[in-house]
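All of the numbers you see were taken from the coordinates with simple rules; none came from a lab. This structure is a prediction, so every number in the text was calculated from the model and none was measured. Using ideal geometry, Cβ is built from the backbone for each residue, glycine included, and neighbour counts are taken over all protein chains shown.
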Amino acid sequence: MVRVHAIIEINKENVLNTIAIEHPFVCFTLDWWPDSKVSFGNASWIGTGLNNLDLEHPKLIQAARTLASSHKHGLLRIGGTLQDSVIYDFKSSEKHCLPFPFQPDENSRSGFTQECFSAARRREINNFLEKSNLKFIFGLNALDGRYDDFRRAWNSEKTKALLEELKTTKMAKRLFGLELGNEIYGKNGQGVELSAQIAAGDFATLRKIMKTALSDDVKLLGYDTALDFNWLDDFFSNLTSLETKLDAFTWHQYPLGPGSDPLLAEKILNPRFFDKFSAHIDVLSEKQAFWKEHENLPLWMGETGGAYNSGRNEVTNRFVSSFWFLNLLGIFAEKKHKAFCRQTLIGGNYGLLQLKVNKIETNPDFWAAFLFGSFMKEHVIEIYCENKLFKSYATRQQRSITILIINFSEKKETEQISIEVFNAFAYRKTAIVTSEKLDSNTVFINGVKADLPKDSDEIPSIHDFVVYEKNRKTIELPAHSYGFFILHGFK
């Protein structure tokens with residue numbers, strides 16, 4: 001057996017960020033795409049779009065409860081490209097009101113027609129949120145009243161009515177925050193040219209509506225688009241003039257590129273691939289300092305599934321996907337972001353869950369999200385590993401330190417890596433995740449197949465997946481695997 005030796009050093013005093021204090025760091029999304037959405041010849045949204053999904057499916061609720069168990073509540077974002085084509089209905093007693101469903105329309109900015117969203121469906125969503133112990137972020141339609149002329153003012157009347165309904169039905173108790181528009185701002189807006197001045201006015205209007213209709217706990221989030229710093233400078237200047245502030249700055253990015261890329265898996269398995277993207281995040285922190293009154297806004301990765309346009313089948317829903325996912329979770333945690341919203345909980349080929357003929361199954365990234373959310377909390381601290389084949393991240397809790405190590409080394413090069421933790425500690429808890437193949441959708445945690453309990457009323461405990469080890473400073477991590485190591489009695 002060939003071994004590679006590396007030393008990990010932890011600086012517990014150098015705190016880079018704090019996460020998972022007031023809300024979870026790992027959040028997940030539900031999107032609006034209809035059954036007719038086809039990406040690169042693959043129809044991966046059948047039965048999983050927000051208006052089509054069976055929200056009473058026992059396995060869906062069980063999986064959501066499992067993810068939520070890492071915090072006092074889970075966090076679900078409802079939104080996506082088609083949120084700006086949704087019509088809010090308040091009269092129909094049916095689950096689906098007309099027009100339904102979204103129909104392909106090559107002349108529209110989104111590629112689809114509009115769709116109706118009924119009060120009955122909102123009640124079903126609320127029941128799902130309550131059963132799953134989730135709070136939700138809702139993406140509002142920012143194009144209402146100006147689909148054919150983006151110079152017009154936003155028509156906020158239906159948003160007012162919607163928020164009043166949420167308050168009346170007590171669904172507002174589950175409301176964590178509101179977003180306005182999805183990927184419609186700046187040079188990266190999709191088929192929309194909203195000026196920064198108009199957009200700032202819209203957010204100011206929404207803030208006023210929120211003050212009247214909702215409690216002060218509900219957050220205003222934005223801007224939910226890939227970064228355009230020139231536009232953002234103008235936007236925040238206008239917000240200042242309007243005496244309006246956001247509660248968090250959310251942005252979107254799919255750094256792996258399109259899901260059609262046949263070399264996607266090779267990108268994921270390159271430990272240096274995200275180095276350039278990591279520097280891109282640093283630029284955001286530098287730019288934020290010039291936003292004056294907004295310079296201390298919490299930063300969120302508001303949406304990413306790695307590869308855009310539904311991901312790639314047999315890549316972003318397989319074990320290999322966990323390598324980009326965990327790597328980015330660690331990068332964003334180190335770089336002062338307070339949340340990371342994964343596209344999607346279910347839907348597309350990048351879901352944490354997969355619908356297969358009415359059966360919902362966990363994809364490997366479900367377990368990556370569950371373990372990261374359960375273990376990586378509080379103070380994100382500096383960690384250094386000399387070997388570039390591994391990525392390592394660390395957090396410090398009151399009585400322990402948790403290390404995440406991702407082993408990118410290939411089996412043809414090494415069977416196992418031996419890592420020495422430079423710092424002393426008393427004992428550790430370990431969760432090592434492996435799979436028989438990179439393109440498998442089955443994972444093993446400490447050699448045991450990861451699966452949800454057969455009884456949908458039960459959820460797994462994180463303690464079910466760890467083993468306890470005393471007096472072991474050396475970590476043995478198989479090639480193409482990752483592990484969480486919780487060190488107690490750290491010195």
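Computed from backbone phi with θ = phi - 60° and the Karplus coefficients 6.51, -1.76 and 1.60, the 3J(HN,Hα) list for the range 100-108 is 7, x, 3, 10, x, 8, 5, 8, 8 Hz; x is used for glycine and proline. Remark: the residue 427-residue 131 segment gains 102.9 nm on full extension, using 0.36 nm per residue and subtracting the alpha carbon distance. Taken over the Cα atoms of the range 76-168, the convex hull encloses 106 Å³ per residue.
Around the amide H of residue 337, modelled in the peptide plane, lies no amide H under 5 Å away from a residue 5 or more places distant or on another chain. Near residue 134, the amide H atoms lying under 5 Å from its own belong to 74; only residues 5 or more places off or on other chains count, and H is placed 1.01 Å from N. Remark: spin-label model distance residue 461-residue 108 equals 4.9 nm, labels positioned 7 Å along the Cα→Cβ axis.
Treating r as the C-beta distance of residue 488 and residue 187 and R0 as 60 Å, the FRET efficiency rounds to 0.75. All C-alpha to C-alpha distances of the range 121-263, sorted into 5 Å bins beginning at zero, yield P(r) values of 2, 9, 18, 20, 18, 14, 10, 6, 2, 0, 0 percent in whole numbers. Magnitude of the charge dipole for the chain, about its Cα centre and with charges confined to Cβ atoms of Lys, Arg (+1) and Asp, Glu (-1), is about 1180 debye. Can you find, among 29, 376, 138, the residue farthest towards the positive end of the dipole of the chain? Put +1 on the C-beta of Lys and Arg, -1 on that of Asp and Glu. The residue sitting most towards the positive pole is 376.
Across the cross-link table entries 187/245; 170/356; 12/391; 95/211; 335/473; 292/338, which are compared at the Cα atoms, the separations over 26 Å belong to 170/356; 95/211; 335/473.
To test your reading of the geometry: what angle, between 0 and 90 degrees and rounded to tens, separates the Cα axis of helix 119-132 from the longest principal axis of the chain? Taking Cα atoms only, the helix is inclined about 20 degrees.
When every Cα-Cα distance of the range 196-326 is counted in 10 angstrom steps from zero, the calculated P(r) takes the values 11, 35, 26, 20, 7, 0 percent. Rounded to the nearest 10 degrees, the angle from helix 321-334 to the longest Cα principal axis of the chain is 80 degrees. Each part gets one Cα centre, and for the range 139-193 versus the range 64-119 those centres are 12 Å apart.
Shown in residue order for the range 433-446 are the 3J(HN,Hα) couplings computed by the Karplus curve 6.51 cos²θ - 1.76 cosθ + 1.60 at θ = phi - 60°: 10, 9, 8, 5, 9, 5, 9, 8, 9, 10, 10, 10, 10, 6 Hz (x for Gly and Pro). Among 430-443, 342-355, the peptide with the highest mean count of other Cβ atoms within 10 Å heads the list, and the full ranking is 342-355, 430-443. Given 185, 209, 57, which one lies farthest toward the positive end of the charge dipole of the chain, if we put +1 on the Cβ of every Lys and Arg and -1 on the Cβ of every Asp and Glu? Of the options given, the answer is 57. When its C-alpha radius of gyration is set against 2.2 N^0.38 Å (N residues), the chain gives a value of 0.96. Between residue 204 and residue 123, the modelled labels are 4.0 nm apart [label points 7 Å from Cα along Cα→Cβ]. At an R0 of 25 angstrom, the distance between the Cβ atoms of residue 164 and residue 98 translates into a FRET efficiency of 0.65.
Once backbone amide H atoms are built at 1.01 Å from N, residue 8 has 420, 421, 422 as its partners under 5 Å, excluding neighbours fewer than 5 places away on the same chain.
For the pair residue 280 and residue 87, the difference between a 0.36 nm per residue extended length and the Cα-Cα distance amounts to 65.9 nm.
Whole-percent P(r), the range 280-363, all Cα pairs, 5 Å bins from 0: 3, 13, 21, 19, 14, 11, 8, 5, 3, 1, 0.
Please name which of 387, 11, 43 has its Cα lying farthest along the dipole of the chain towards the positive end, using unit charges on Cβ (Lys, Arg +1; Asp, Glu -1) and the Cα centre as origin. Value: 11. Net length available on complete extension from residue 195 to residue 454 is 88.0 nm, with 0.36 nm assigned per residue and the Cα-Cα distance removed.
For helix 229-241, what angle does its Cα long axis make with the longest principal axis of the chain, in degrees from 0 to 90 and rounded to 10? That helix lies at roughly 60 degrees to the long axis. Approximating the spin labels as points 7 Å out from Cα along Cα→Cβ, the residue 384-to-residue 270 distance works out to 2.7 nm. Aspartates and glutamates within cross-link reach of residue 167: Cα-Cα under 14 Å, excluding same-chain residues under 8 positions apart? Leaving aside aspartates and glutamates fewer than 8 places away in the same chain, those within reach of residue 167 are 216, 217.
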